[in-house]
Every structure is written in structure tokens, then in C-alpha cells.
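None of the figures in this text is laboratory data; all of them are computed from the coordinates on show. Small disclaimer: the values here were computed from a predicted structure and weren't measured.
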Amino acid sequence: MNASLPMRVHVLETARSFDRFRIGRPDRTDVEAAFQTIIRWTGDDPERDGLIETPARMARAFEEFFSGYSQDPAVILQKTFTEIDGYDEMIVLRGVPFESHCEHHLAPIIGRAWVGYVPSGRVVGISKLARVVEAFAKRLQIQERMTAQIANTIDEVLKPQGIGVIIKASHHCMTTRGVRKPDTDLVTSRMLGCFRDDPLTRREFLSLTN
Ligand SMILES: [Zn+2]
């Protein structure tokens with residue numbers, strides 16, 4: 001059986017969804033016109049000096065905020081290393097900072113992610129774990145789904161003995177508007193394999209994320 005086959009299928013499916021995303025995608029002029037409308041709707045004049053370039057700047061900023069749609073996390077994790085001399089202890093990348101946007105208000109979600117796994121014969125470069133966090137953060141998100149997506153993707157592609165992902169983040173849609181509760185953060189977690197089944201592994205991971 002070819003162990004890498006499910007991953008290739010996943011990559012192909014993702015490539016097809018990229019195609020769907022590109023077809024009918026508005027071009028930059030449409031987006032700038034939309035931002036101009038929003039500025040006018042706030043009550044300001046989009047033609048005044050300080051605002052004239054703003055729609056173009058916003059389009060560039062949004063390109064950066066949502067650059068995750070053009071990244072395939074499964075591809076990021078494709079290169080693995082197997083010369084690990086039987087290493088089978090926990091690997092934890094701690095406190096990866098990220099900025100995302102909530103899909104309900106497009107307000108920033110600012111937080112950190114802890115990603116740990118127990119390898120099963122192969123490991124990935126640690127920067128790749130941070131890039132997977134980034135690829136999912138730079139999309140319209142809710143924190144719960146983002147947490148699950150990171151864990152599920154690493155689990156599917158790397159097939160470790162177990163994986164744990166914890167995210168702590170503050171949501172500007174509730175700290176700066178709505179109920180206005182600054183200094184609150186939301187903690188979410190997803191544990192799979194030995195992180196879910198073995199209380200000691202789970203505890204070890206949690207002790208490294210405080
Ligand atoms: Zn929100």
C-alpha cells in the first residue's frame with residue numbers, strides 16, 4: 001500500500017477547491033470600489049487627500065490578512081525527516097503568535113498556538129508547524145474550527161502517535177465592541193491519539209503550555 005496516497009488525494013482536492021475559489025473571484029478594482037463605498041458609508045469623504053489611497057492600501061492589507069487561502073497546509077507538511085534514531089518523545093512548539101480574523105465581524109483575533117506531537121518514525125521541520133498555524137490563521141475563522149483544522153491536518157499528513165493543539169486568543173469583536181470585555185481570552189484545544197487517550201501524555205503537554 002502506498003502510504004502517501006491519501007495525502008496526494010487531499011492535495012488534489014485542495015487544488016480543485018483553489019480553482020473554484022479563483023473562478024468568479026472579484027478583481028482588485030472591484031475590491032477597491034467596495035472599500036470606497038464602505039468609507040463613504042462611515043460618513044467620510046473617500047476623495048479627500050488622506051483617504052484617496054486607502055482603498056488600494058486596504059486591498060493590499062486584505063491580501064495579506066487572507067493569504068492562507070492560497071496555501072495548502074498538507075503541502076507545507078510534505079517534507080519529513082526519518083533519521084531520528086528512534087526519537088519518540090513529545091515535540092512541542094510553544095506560543096506561536098498569530099493574527100486571524102473572525103468570520104462574523106472580520107475583527108482581529110490575536111493569539112498564540114501551542115502545537116505538540118509524538119512522532120511515529122518521522123518528524124517535520126519545526127518552522128513547518130508554525131506555517132500550518134499561519135495558513136489556517138490567514139483566513140476567515142472561528143477559533144474552534146482553526147484549532148481542529150491544525151490538529152486534523154497534522155494528524156492526517158504526518159500520522160503521529162498523537163497530537164495536541166491549544167490556542168489562546170483575544171477576540172476584538174468582543175474586546176473592542178459588543179460586550180466590550182478587554183483582558184479576556186478564549187482557550188480551545190484539540191487532542192488526538194495518545195494525547196486524547198493517555199492522561200500522562202495529556203498532562204505533560206498541558207504542563208508545557210502554561
Ligand atoms: Zn466576531
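In region 108-160, the inverse of the mean reciprocal separation of distinct Cα atoms equals 11.8 Å; this is its Kirkwood hydrodynamic radius. A convex hull fitted to the Cα coordinates of region 32-92 yields 146 cubic angstrom per residue. Please enumerate, by chain and number, the lysines with C-alpha under 22 Å from the C-alpha of Lys181, excluding those fewer than 8 residues away in the same chain. List returned: Lys168.
Among rounded, prolate and oblate, which fits region 41-127 when a ≥ b ≥ c are the square roots of the eigenvalues of its C-alpha gyration tensor, a/c under 1.5 means rounded, and a/b larger than b/c means prolate? Prolate, since a/c reaches 1.5 and a/b exceeds b/c. Does the chain come out rounded, prolate or oblate, given a ≥ b ≥ c as the square roots of the eigenvalues of its C-alpha gyration tensor, rounded meaning a/c under 1.5 and, failing that, prolate meaning a/b above b/c? Cα axes put the chain in the oblate bin.
Our Cα-only numbers for region 115-210 put the radius of gyration and Dmax at 14.7, 48 Å. The value of relative contact order for region 62-197, using C-alpha pairs under 8 Å at least six residues apart, is 27 percent. Helices in the chain that qualify as membrane-span-like (whole DSSP H runs, Cα extent of at least 24 Å along the helix axis, mean Kyte-Doolittle hydropathy of -1.0 or higher) are 5-22. Kindly provide the helix-only [θ] at 222 nm of the chain, computed as the sum of -39,500 (n - 2.57) over DSSP H runs of four or more divided by all residues, to the nearest 500 deg cm²/dmol? Only helices count here, giving -13500 deg cm²/dmol.
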